[in-house]
Structures are given as structure tokens and as C-alpha cells.
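Right, one structure below, let's go through it.
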Amino acid sequence: MAAGNLQNDPEFSKFTQMPEKVKEKLQQVLQPNESVQFALRGMGMSHTQGGNVAGNFRAPNRGDEGSQVGHPWFLITNKRLLLVSTGLISFESRSFTWDQLNSIELQQGIMDDHVIITGMSSVENWTFWKKVRPLTLQAVQMSQKLIDESRNKPAVVVTAPATDPIAELKMRLVRGEITEEQYNKMLSILKGS
């Protein structure tokens, strides 16, 4: 089956199809015109390592450094990466625009795989079942491509609007940057005489 069709593969549906309750809560987090392009459910105990455990995730307890309770979802939208965790009565979310991330990589294990997300002074370590490795690999490749594209956007150059050179010359005279003699010389040059 082609990689693009894995999200719809019945074998993986319990890992890719969000329950209605999660979709309803997710609508509160999505921005206008934002839609989920890719969804993958991870294993419990995905967590934040390092400096930044801010956002909507709970503060880390001693020893668990930001572990997530419930069912974590790795969501790629048309605008950003969303990491959400759902429990019986909780819904926590964390988001990164693609330009805020440094990298996303896959560490393959014997029993499970880890997606390591670095950026914004933190490292997210999200755990996925080995049996969904093709989907996890697809998520990592898709995410890294979006990170790379965000870095390769051409810079927007803002230029000051063209000013009237005679008006600018007058302002320089008023500010005392040039003498009246210099002003008259430059004015005659600008007028083409």
C-alpha cells in the first residue's frame, strides 16, 4: 500500500482515526482555516525533556519531567505541529509553528519507536508502537519537510516608500544637516539645471 494511503488503512485506523470526543475538543484549539493533515496516536508516557515545559501541559512531577497522561496524539496541520494528550477528563495541547522547530527525528527500537522533536528550548520525546513504524516514519518525513520549507522561504524585504527628493532635501535643511548654500546647490542638481 502506498505511503500516502496509510492513514486510511483499516489495519492502522485505531492509531490514525481520532475519536469524536477528541475531535470536538480539538476544535477549540484549531485556528481559523486550520485543518489536521496527519494524525497518529502515540503510547502513553510521551514527555517533554529539558528546559521548556510551559504551554498547556501540566508542570512535571518529581522524576517524570512532563510526562503526558492519557492518549497522546501527534497532529500535523496545515499551519503547525500540535501535540495533544487526552485523558478521561483532561485535554492538554502544545503547539509549534514549523519555524520554531529545529528537527524531528525517528529513533527505532525493538519494541517501540521514539520521535524526538527539538525546538523552543525543549526536547519532546514521543513514543509510538513499533507496528505503526511506517506511519511514524511518514510523520517524521512530513514534519521535517515542513520545517525545512519554513526555513527556505524567501525573506520579505520591506523597503521604505520612495520619497520626493526635494522634500527630503528640505527636511535635511530644516534638521540642520546641510547649509542653505548646500541646499541650493543640491536643489539645482535635482531640478536638472
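The values are calculated or read from the model by the stated rules, or taken from the named source; none is laboratory data. If you're wondering where the values come from, they're calculated on a predicted model, not measured in any experiment. All Cβ positions, glycine included, derive from the backbone under ideal geometry; neighbour counts span all protein chains shown.
Points worth noting:
- Boolean, residue 188 is within 16 Å of the chain's Cα centre (by Cα), in a helix (DSSP H, G or I) and modelled with pLDDT under 90: no
- The set of residues in the range 91-141 that are without any contact (Cβ under 8 Å) to a residue 24 or more places away in the chain, assigned to a strand (DSSP E or B) and of a type in the set (Gly, Ala, Ser) contains only 119.
- Counted residues, the range 71-117 - those being surrounded by fewer than 16 Cβ atoms within 10 Å (Cβ to Cβ) and farther than 17 Å from residue 36 by Cα: 15
- Among the candidates 83, 106, the residue that is closer than 15 Å to residue 128 by Cα, modelled with pLDDT of 90 or more and in the same structural domain as residue 19 (by TED's automatic domain parsing) is uniquely 106.
- Residues within the range 21-43 that are assigned to a helix (DSSP H, G or I), touching a residue at least 60 places away in the same chain (Cβ under 8 Å) and more than 16 Å from residue 94 (Cβ to Cβ), tallied: 1
- Filter result for residue 98 (aromatic (Phe, Trp, Tyr), more than 19 Å from the chain's Cα centre (by Cα) and at pLDDT 85 or above): no
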